[in-house]
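Everything on this sheet refers to the single structure shown next.
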Amino acid sequence: MKQVRPKKNLGQHFLTDLAIARSIADTVDACPDIPVLEIGPGMGVMTQYLYPKDREFKCVEIDKESVAYLQEAFPKLQGGIIGDDFLRMDLNDIFEGRQFVLTGNYPYDISSQIFFKMLDNKDLIPCCTGMIQREVALRIAAEPGNKTYGILSVLIQAWYDTEYLFTVDEHVFNPPPKVKSAVIRMTRNERTDIGCDWQLFKRIVKAVFNQRRKMLRVSLKQILPDFNAAEHEASGIDFTKRPEQLSHEDFVKLTNFVESLIQASKTIQK
């Protein structure tokens, strides 16, 4: 069977260590009884451990050469190998609207986009596991006050409990990446409402972290051009803080505060 050549433009780094592949595949067992979707199976090093599990399984692969290889290597998966771009798919179509676990050896260059899509479909995806660049994994699991705490940390932790499971060295890949990798698991928490407008919450988190070295009193001007922190001392918000110092609850409070100012401004304009 012809081997698939890793393609740089697709960010492919094929895992070659079978023990690690099995360990990653087994991370889905923490969320039993629902289907599993694997992203970017490549030559199926994780697939071989995922599809025999006693649950429905599908995989999605954008690389046509890899799709052809998988169809030949895993004939029992006919119909379960989807040749498509995960980022463009309607996830409701994959398992007829049922929830599923998302897993994979995620391409480094689109892992953040994958997780943003996960957030957009959080009610479909109660659990997400897999391998990503170690730096991104640390960012996702970071707590307030940590220098790696950022946009992904806040947005994902709003809806998911995050676990940094283990580190993977470069030498177990073909070709070896220039950085270490890590395996993570994200499991939906019990929140059904974060306590504020989610779209505005996302907008504020992205805005202030895009100026992460600046105090809130400065970075908030991206959303409120006329904002003057001295006029809002009674709000109970410390506008001298920088975004990495804010907890989830702080961002919720900040979002509700900003929304009140936006609504007040609309009332005055009328």
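The values are calculated or read from the model by the stated rules, or taken from the named source; none is laboratory data. Every value quoted in this text rests on a predicted model; they were computed, and no experiment measured them. Virtual Cβ from ideal backbone geometry, glycine too; neighbours counted across all protein chains shown. Heads up: the accessible areas ignore ligands, DNA and RNA and are worked out on the full protein's heavy atoms, side chains in. Shrake-Rupley method; radii C 1.70, N 1.55, O 1.52, S 1.80 Å.
Structure notes:
- Share, in percent, of DSSP beta bridges within the chain that are antiparallel, nearest 5: 55 percent
- Between 0 and 90°, nearest 10: helix 248-269 axis offset from the chain longest Cα axis: 60 degrees
- Relative contact order of the range 7-82, defined on C-alpha pairs under 8 angstrom at six or more residues apart (%): 27 percent
- In a DSSP loop and with at most 16 other Cβ atoms within 10 Å, there are no GluC sites (Glu not before Pro) in the range 59-94.
- Loop sites in the range 153-221: GluC sites (Glu not before Pro), DSSP, at most 16 other Cβ within 10 Å: GLU190
- Proximal aspartates and glutamates relative to LYS147, as straight alpha-carbon distance under 17 Å, when same-chain residues fewer than 8 apart are discounted: GLU135, GLU244
- Note on the chain: dipole from Cβ charges, positive end direction compared against ILE82, PRO243, GLN99; the farthest Cα belongs to PRO243.
- Couplings for the range 71-86, taken from phi via the Karplus curve 6.51 cos²θ - 1.76 cosθ + 1.60 with θ = phi - 60°, read 5, 7, 6, 10, x, 6, 9, 3, x, x, 9, 9, x, 7, 9, 3 Hz in order; Gly and Pro are left as x.
- Listed residues LEU224, LEU124, LEU50, most fluctuating in the chain (Gaussian network, C-alpha, under 10 Å): LEU224
- Rounded to 10°, Cα long-axis angle of helix 198-209 versus longest principal axis of the chain: 80 degrees
- The chain: relative contact order as a whole-number percent, Cα under 8 Å and 6+ apart: 16 percent
- Set of aspartates and glutamates near LYS64 by C-alpha distance (under 12 Å), chain-local residues within fewer than 8 positions excluded: ASP84, ASP85
- Förster-model FRET efficiency, 35 Å R0, ASP161 and ASP17, C-beta, rounded to 0.05: 0.80
- The charge dipole of the range 1-138, taken about its Cα centre with unit charges on the Cβ of Lys, Arg, Asp and Glu (plus for the first two, minus for the last two), comes to roughly 380 debye.
- Mean separation of Cα contacts under 8 Å, 6 or more apart, over the residue count of the range 86-188: relative contact order %: 28 percent
- Sulfur and carbon atoms: percent of accessible area, the chain [1.4 Å]: 47 percent
- Cα-based reach from LYS221 at 19 Å (exclusive), listing lysines while leaving out same-chain residues under 8 positions away: LYS202, LYS206, LYS241, LYS253, LYS266
- Cα gyration tensor, the chain - rounded (a/c under 1.5), prolate or oblate: prolate
- Entry note, the chain: the mean residue ellipticity at 222 nm calculated from DSSP H runs of n ≥ 4, each adding -39500 (n - 2.57), is -9500 deg cm²/dmol after division by the residues and rounding to the nearest 500.
- Most to least accessible of THR162, THR192, THR47, THR16 (protein chains only, probe 1.4 Å): THR192, THR16, THR162, THR47
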